[in-house]
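Student: Right, I'll just put the structure down here and ask away after.
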Amino acid sequence: MDLTSDHKIRYETDGYLCNLSVFDEQSVARIRAEIEALEETHSAGTNGNVLDQYFRVNGHVVIPLLADLARTPAILNAVEDVLGENLLVWSVELFIKEAGSEKTVSWHQDFTYWGMGETNDEVTAWVALSDVTEQAGCMRFLPGSHKNGIVAHEDTQDKNNLLSRGQQIADINEDDARSGPLKPGEMSLHHGRCFHASGPNQSEGRRIGLAIRYVTPEVRDGLPGRDYAMLVRGVDKASGWVKLAGPRDLFHPADLALYHKIIQDQKSTLTAGATHDITLYAGKENVT
Ligand SMILES: O=C(O)CCC(=O)C(=O)O
């Protein structure tokens, strides 16, 4: 999947792109079956955490399937056209809304709590692993909103909000928003400053999205603290990222320990300013 010059202009203008085809029907069915098999075999959780902990944050550290998906050539080709030839993965996450689920995602900018500043060198590839229609709660974007900086977000702690602290930007004019429905196997790309949100799943099927956050080697140059990324294309001659090789095996004990360390190291940045505990960064480890 290479981007055309029209795609590139639209990404620069709008801050997002939709309907880029990256997986065929059989591949989507296989990936979905693997995810659903994991849900069955790990319904009691792993290492003291519910499976959703690993689905929602840094899944590529402990789940080989998620690390492999982040290396998909068709996805990397498109991302390379935006970020250049040297690519790392900062996080892989699954956004699942069950059929009829009230879960939503409020209007937000990804960078708000990520500790990456306001860089242009990050992009999220969001891959639909089900039919992600408007009814199923597809993403909505505010075109051009990436052109300015990070705006104020308020924490709502709304339990139906899939974001870590239910953070939201106030006063969005929904008339300016554009929906991004995706067929199974299609992906969207969005910039870390682009305002986006999604509604409940009012369809009869599960709505499954795979979000892969790509960065360049230079993103962390000069930033404080420590953060981790997995090189997936090209080379990393910068020194900002602690490099990850990818999981040894499904929930391998050494990878689970690394997962815990990463969460500990990311915690102060990702929970900065929060008035409540943020479950996804609570740092629970091996309480079984
Ligand atoms: O899946 C969704 O509805 C939202 C995902 C999202 O906010 C993101 O990938 O940055």
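Student: Calculate the dipole size of the chain relative to its Cα centre from +1 charges on Lys and Arg beta carbons and -1 charges on Asp and Glu beta carbons; express the result in debye to the nearest 20.
Tutor: The calculation lands at about 540 debye.
Student: Taking every Cα atom in the chain, find the radius of gyration and the maximum pairwise distance Dmax, and write them in Å.
Tutor: Using the Cα atoms of the chain, the pair Rg, Dmax is 17.6, 52 Å.
Student: How far is it, in nm, from the label point at Ala37 to the one at Glu174 when both lie 7 Å from their Cα along the line to the Cβ?
Tutor: In this crude spin-label approximation the distance works out to 4.1 nm.
Student: Moving to a separate point now. Hey, in the GNM for the chain with a 10 angstrom Cα cutoff, which one of Pro184, Pro253, Pro64 fluctuates hardest?
Tutor: Result for the chain, Cα springs under 10 Å: Pro253 fluctuates most.
Student: Roughly what % antiparallel, to the nearest 5, for the DSSP beta bridges in the range 134-278?
Tutor: The antiparallel fraction comes to roughly 65 percent.
Student: What is the set of long-range amide H partners of Gly15 at a cut-off below 5 Å, with H atoms built 1.01 Å from backbone N?
Tutor: Gly144
Student: Mind running the shape call on the range 151-222? Use the C-alpha gyration tensor, a ≥ b ≥ c as the square roots of the eigenvalues: rounded below 1.5 for a/c, prolate if a/b tops b/c, oblate otherwise. Before the final figure, lay out each step's value.
Tutor: Values: a/c = 1.63, a/b = 1.15, b/c = 1.41.
Since a/c reaches 1.5 but b/c is at least a/b, the shape of the range 151-222 is classed as oblate.
Student: Here's another thing I want to ask about it. Mind listing the phi-derived Karplus ³J(HN,Hα) values for the range 92-108, rounded to whole Hz, using 6.51, -1.76 and 1.60 with θ = phi - 60°, and x for any glycine or proline?
Tutor: Each residue's phi maps through the Karplus curve to give 10, 9, 10, 10, 10, 10, 5, 3, x, 6, 7, 4, 9, 10, 6, 4, 7 Hz.
Student: Quick one: Karplus J couplings for the range 182-197, per residue in order, coefficients 6.51, -1.76, 1.60, θ = phi - 60°, nearest Hz, x for Gly and Pro?
Tutor: 10, 7, x, x, 8, 10, 10, 10, 9, 6, x, 9, 6, 5, 8, 7
Student: Let me ask another. Using the Cα gyration tensor of the range 230-279, with a ≥ b ≥ c the square roots of its eigenvalues, what is the shape: rounded (a/c below 1.5), prolate (a/b larger than b/c) or oblate (neither)?
Tutor: The shape class here is oblate.
Student: Pull out a ≥ b ≥ c, the square roots of the eigenvalues of the alpha-carbon gyration tensor of the range 1-42, then state rounded if a/c is under 1.5, prolate if not and a/b is larger than b/c, and oblate in the remaining case. Provide the component values of the computation, followed by the final result.
Tutor: Numbers: a/c = 5.84, a/b = 2.63, b/c = 2.22.
It comes out prolate by the Cα gyration axes.
Student: Next question, about the same structure. Please list, in order along the range 168-177, the HN-Hα scalar couplings obtained from phi with the Karplus expression 6.51 cos²θ - 1.76 cosθ + 1.60 (θ = phi - 60°), rounded to whole Hz, x for Gly and Pro.
Tutor: Taking θ as phi minus 60°, the curve returns 8, 8, 7, 6, 7, 8, 4, 5, 8, 7 Hz for the range 168-177.
Student: Dividing the convex hull volume of the Cα atoms of the range 165-273 by its residue count, what figure in Å³ per residue is obtained?
Tutor: Output value, Cα hull per residue: 192 Å³.
Student: For Leu231, list long-range residues whose amide hydrogen, built 1.01 Å from N in the peptide plane, is under 5 Å from its own amide hydrogen.
Tutor: Amide H to amide H, under 5 Å and 5 or more residues apart or across chains, Leu231 pairs with Val89, Leu244.
Student: Helix by helix, which DSSP H runs in the chain go 20 Å or more along their axis at the Cα atoms and have an average Kyte-Doolittle hydropathy of -1.0 or more?
Tutor: Long hydrophobic helices here: 25-41, 253-270.
Bear in mind these aren't lab numbers, they're just calculated from the coordinates by the rules spelled out. Bear in mind the structure is a predicted one, so any value in this text is a computation, not a measurement. Note: ideal-geometry Cβ built from the backbone for every residue, glycine included; neighbour counts use all protein chains shown.
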